[in-house]
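Encoded as structure tokens, the structure appears first; notes follow it.
The values are calculated or read from the model by the stated rules, or taken from the named source; none is laboratory data. Since the structure is predicted, the reported quantities are computational estimates derived from the model, not experimental observations. All Cβ positions, even for glycine, are placed from backbone atoms using ideal geometry, and neighbour counts span all protein chains on display.
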Ligand SMILES: [Zn+2]
């Protein structure tokens, strides 16, 4: 699972496909909420605010 900014979305998808050998599902963070999960404040690849969830 990756939480990324728009700049790193393609990088996260590439990583995901490499690790899991299948295409990920994409969600916009402001359109989903998980009761037991606190959205990270930063992208997994840089210090910007994340926008997408790649799972
Ligand atoms: Zn980023």
Matching entry among 17, 55, 32 (being surrounded by 10 or more Cβ atoms within 10 Å (Cβ to Cβ) and free of Cβ contacts under 8 Å to residues at least 12 places away in the same chain)
17
Which numbered condition trips up residue 27, out of (1) part of a loop (DSSP other than H, G, I, E, B); (2) modelled with pLDDT under 95; (3) surrounded by 11 or more Cβ atoms within 10 Å (Cβ to Cβ)?
(1)
What is the number of the single condition among (1) at pLDDT 95 or above; (2) within 16 Å of the ligand (Cβ to nearest atom); (3) loosely packed, with under 11 Cβ neighbours inside 10 Å that residue 44 does not meet?
(3)
